[in-house]
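Below: one structure, written as structure tokens.
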Amino acid sequence: MTTPAPVGPVTRTLVLVRHSKASHNALTDLERPLTSRGWDMADDLARDLHLAVGDADLLLVSPAARARQSAQPVEQRLSPAEVRVEPAIYHEGPSGILDLVTALDDEVRTVVVVGHEPTVSVLAHMLHDADDALASQVSFGVPTATALILQVSTSWTELGPRTAHLGRVLTAAR
């Protein structure tokens, strides 16, 4: 006898991460590496993120060195089935990330995107379905090594303004 499938909406999780503390000592913006404190903050955030969301199905990462480095502890702790470096995260702002996410298969349940400011806070604010304290907090931007955890009750293809709920903001200790 087979067990019936659960009834009711399936919730997906979208995590938008601002990279950790980066150095300004590089020839180009894309090459800026994490500072030693940034590496520690990235690991702390990844640990807290794993406690909050468990494992991830997909990790999407900006091609910038600081984002790729920030994603390393996330990959180690959240064990995503797939990791992709996506130039759109760096070059195309919130709409670039939204295009990547809305193209996902609905079998993907938890997606983590490691990117930049103001992109992650603008996207989280746009997707959030309430005018509350968290909306106000992210409207001013978020510090480095911060994760914005959104619950999505629609399919990925239907994700858009006010269709997700920003339930939690995690920031690594300074």
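Just add up the charged neighbours of HIS19: K/R +1, D/E -1, any other residue whose Cβ is under 11 Å from the Cβ of HIS19.
Its environment carries a net charge of +4.
Label the stretch 27-66 by shape, choosing from rounded, prolate and oblate, from the square roots a ≥ b ≥ c of the eigenvalues of the Cα gyration tensor; if a/c is under 1.5 it is rounded, and otherwise prolate applies when a/b is larger than b/c, oblate when it is not.
On the way: a/c = 5.62, a/b = 1.58, b/c = 3.55.
Oblate shape, in that a/c is at least 1.5 and b/c is the bigger or equal ratio.
Under 37 °C and 0.692 mPa s, how fast does the stretch 20-174 diffuse according to Stokes-Einstein, given a Kirkwood radius computed over C-alpha pairs? Answer in µm²/s, whole number.
So the translational diffusion coefficient is about 211 µm²/s.
Residues with beta-carbon under 12 Å from that of THR157, excluding THR157: net charge, scoring Lys, Arg +1 and Asp, Glu -1? Intermediate results must be reported in sequence, preceding the final value.
Working: positive: ARG12; negative: ASP99, ASP105, ASP106, GLU158.
Net charge around THR157: -3.
Can you tell me the 0 to 90 degree angle between the C-alpha axis of helix 93-102 and the longest principal axis of the chain, rounded to 10?
30
Just to be sure I understand the model, the point goes 7 Å from the Cα along the line to the Cβ. What's the resulting ARG37 to GLN137 distance in nm?
Computed distance between label sites ARG37 and GLN137 equals 2.1 nm.
In what sequence, highest mean first, do 131-140, 103-112, 39-48 appear when ranked by Cβ atoms within 10 angstrom?
39-48, 103-112, 131-140
Using only Cα atoms, tell me the angle between helix 65-78 and the longest principal axis of the chain; keep it within 0 to 90° and round to the nearest 10.
The helix 65-78 is inclined about 40 degrees to the chain.
Laboratory data are not the source of any read-out in this text; all were calculated from the coordinates shown. Keep in mind it's a predicted model, so treat the numbers as computed, not measured. Neighbour counts run over all protein chains shown; Cβ positions are idealised from the backbone, glycine included.
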